[in-house]
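Down below is the structure, laid out as structure tokens.
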Amino acid sequence: MIQNQNDTNLDQRLMRLEKLKKIEARGINAYPHIYRPNFTSATLNEKYASLANEEQTNDVVMVAGRIKAIRNSGMFMDIYDETGKIQIFSSLENLPDEEKEILSLLDLGDFVGVEGTVRRTKRGELSVNTQHLTVLSKALLPLPEKFHGLTDVDTKYRQRYLDMITNDETTRTLVRRSQIIAAIREYLAGLGFLEVETPILHPILGGANAKPFITHHNTLDMDLYLRIAPELYLKRLIIGGMPAVFEIGRNFRNEGMDTRHNPEFTMMELYWVYKDYNDMMTLLENMVEYAALKVLGTTEVEFEGKKINFKGPWPRKTMLGCIEEVTGVDFDAIKTDEEAVAKARELHVEVADGTSWGNVVATVFEEKCEHTLIQPTHIIDHPKDISPLTKTHRTNPRLVERFESFCNTWELSNAYSELTNPLDQRERLEDQVKAREAGDEEAQMMDEDFVTALEHGMPPTGGLGVGIDRLIMLLTNSPSIRDVLAFPTMRKK
């Protein structure tokens with residue numbers, strides 16, 4: 001019978017516990033409080049780049065890392081830190097007596113600290129000749145088999161630490177995620193934006209159309225919603241006098257999960273006074289270009305075999321124009337909801353009786369056009385009845401000044417010339433309330449305090465929201481959102 005992995009791990013754990021006992025019996029703490037390496041793999045290789053083969057120095061260095069390879073009963077070890085590999089050579093004749101037996105008690109996965117001299121081997125490998133060996137952490141469970149790594153997809157995401165240990169690309173992606181977000185912050189700070197924080201627990205559902213997570217606060221004895229968007233709070237700050245604000249943080253939507261959707265996800269949302277949606281398009285293009293160049297050194301990336309170039313300016317297409325380009329139908333010429341529903345069905349797009357003109361347009365666009373948008377493209381001028389927080393278009397009262405940016409067929413951003421008329425805003429939110437009462441769980445609620453804030457005056461403002469996770473997926477060639485989240489939501493075992 002083939003022994004399963006859990007039994008193998010149990011056997012390994014028992015053997016490693018015995019080794020731990022032997023280490024501790026020698027008066028050695030296998031989990032010390034601190035160790036201070038003065039070189040990493042990268043800095044060591046940089047300093048000794050000119051060291052010739054078979055040349056040895058008298059320089060004493062201190063390095064530390066996780067053991068990922070052991071050869072010749074511990075005489076040779078490869079330890080890894082955050083920058084790469086360091087080869088360790090341990091000759092028993094050079095080790096103090098109390099450390100000699102430690103070599104046989106080490107396993108793959110253990111952390112060790114090594115103090116020793118630097119040399120380059122005959123084969124050109126930079127090595128540290130051990131003078132002192134310190135156990136920093138005895139691993140009680142084995143690493144995944146090194147040649148095949150972590151192959152089980154569920155374990156890869158559920159035990160991310162094992163994936164990171166065995167797959168350098170995973171760590172590289174998560175590092176790039178951090179760098180991309182830092183570059184976005186840097187770019188916005190350079191424009192004078194102030195980073196702020198707004199509540200995650202919302203008493204009123206608003207800022208987007210989505211199904212929320214609901215929680216309960218015991219002391220206040222009230223239900224609260226995990227935020228689906230920070231929009232209405234950020235706008236309050238604009239009303240209060242801040243000219244340019246942004247927030248990068250988690251939003252929560254109680255919806256389906258797939259390669260592009262996780263229940264909690266990271267958004268960047270910003271608002272800038274005296275700007276409109278045209279300015280937001282330019283800002284987005286420049287911001288993405290800046291982050292790509294800063295982190296990757298190029299605006300052209302490859303995603304699953306497709307070349308994508310984020311160099312601005314990006315094409316701008318109206319939603320109605322894009323539909324007409326693909327289907328030949330001019331929905332702007334269709335005046336009633338009933339006609340729009342009938343025309344959608346002629347195009348083999350299923351919509352329910354009573355669907356509004358704007359919702360029909362959005363559905364037809366989604367089914368007929370989105371799959372054609374590979375290169376970064378702004379889809380502008382959306383229907384008014386699906387955009388309750390957006391200024392009416394300057395030339396077409398059925399539309400609003402809104403755009404969504406698409407890339408690789410995905411929605412990447414959503415932006416508006418923000419609605420600042422409090423009377424118009426109240427009417428739009430009242431329509432949302434009616435939709436909610438009619439059974440639309442994703443419709444927004446009436447936020448009286450927000451409307452009151454608007455009545456105190458809000459200047460012309462441009463707003464932009466960007467899906468950070470999707471942007472990072474594209475910039476790092478990661479086919480699933482789970483690849484760019486350190487800890488994606490998983491079904492309970």
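Top to bottom by accessible area (1.4 Å), largest first, where do HIS378, HIS456, HIS132 land?
Correct descending sequence by accessible area is HIS456, HIS132, HIS378.
For the chain, build the charge dipole from Cβ charges (+1 Lys, Arg; -1 Asp, Glu) around the Cα centre, then report which of PRO313, SER356, GLY457 sits farthest towards its positive end.
Most positive-ward Cα: PRO313.
Which net charge results when you count Lys and Arg as +1 and Asp and Glu as -1 among the other residues whose beta-carbon is under 13 Å from that of PRO376?
+1
Please list log₁₀ I(q)/I(0) at q = 0.06, 0.07, 0.09 Å⁻¹ for the chain, using the Debye equation with identical point scatterers on the alpha-carbon positions.
-0.41, -0.54, -0.78
Show me, for the stretch 236-242, the HN-Hα J-couplings you get by feeding each phi into the Karplus relation (A = 6.51, B = -1.76, C = 1.60, θ = phi - 60°), rounded to Hz, glycine and proline as x.
4, 5, 4, 4, x, x, 7
Would you list, by chain and number, the lysines whose Cα falls below 29 Å from the Cα of LYS68, excluding same-chain residues fewer than 8 positions away?
Leaving aside lysines fewer than 8 places away in the same chain, those within reach of LYS68 are LYS19, LYS21, LYS22, LYS47, LYS85, LYS100, LYS122, LYS138, LYS146, LYS156.
Too long at a 22 Å Cα-Cα cut-off: which of LYS311/LYS384; LYS317/LYS434; LYS317/LYS384; LYS275/LYS306; LYS317/LYS391; LYS275/LYS307?
LYS311/LYS384; LYS317/LYS434; LYS275/LYS306; LYS275/LYS307
Based on DSSP H runs of at least 4 residues, each adding -39500 (n - 2.57), what is the mean residue ellipticity at 222 nm of the chain after dividing by all its residues, to the nearest 500 deg cm²/dmol?
Using -39500 (n - 2.57) per qualifying helix, the result is -10000 deg cm²/dmol.
Taking amide H positions as placed in the peptide plane 1.01 Å from N, state which residues far from GLN131 in sequence (5 or more) or on other chains have amide H under 5 Å from it.
Under 5 Å from the amide H of GLN131 lie the amide H atoms of GLU115, GLY116, THR117, each far enough along the sequence or on another chain.
How much net charge surrounds TRP410 when only the other residues with a Cβ under 14 Å from the Cβ of TRP410 are counted, with Lys and Arg +1 and Asp and Glu -1?
-4
Take SER104, SER73, SER417 and sort them by solvent-accessible surface of the protein heavy atoms, 1.4 Å probe, largest at the top.
SER73, SER104, SER417
Could you please put SER480, SER50 in sequence from largest to smallest accessible area, using a 1.4 Å probe?
The ranking, largest first, comes out as SER50, SER480.
Roughly speaking, to the nearest percent, how much of the chain's 1.4 Å accessible area is carbon and sulfur?
It is 50 percent, rounded to a whole number.
What figure in square angstrom, to the nearest 10, would you give for the accessible area of ASP163 with a 1.4 Å probe?
Rounded to the nearest 10, that gives 0 Å².
Could you pull the accessible area for MET445 with a 1.4 Å probe, rounded to 10 Å²?
40 Å²
Hey, any idea what Rg/Rh is for the stretch 1-77, computing Rh the Kirkwood way over Cα pairs?
Computed over Cα atoms, the ratio is 1.10.
The values are calculated or read from the model by the stated rules, or taken from the named source; none is laboratory data. Here the structure is a predicted model, which means the values were calculated and not measured. Heads up, the Cβs are rebuilt from the backbone with ideal geometry, glycines too, and the neighbour counts pull from every protein chain shown. Note: accessible area is taken over every heavy atom of the protein model, side chains too, but ligands, DNA and RNA are not part of it. Shrake-Rupley method; radii C 1.70, N 1.55, O 1.52, S 1.80 Å.
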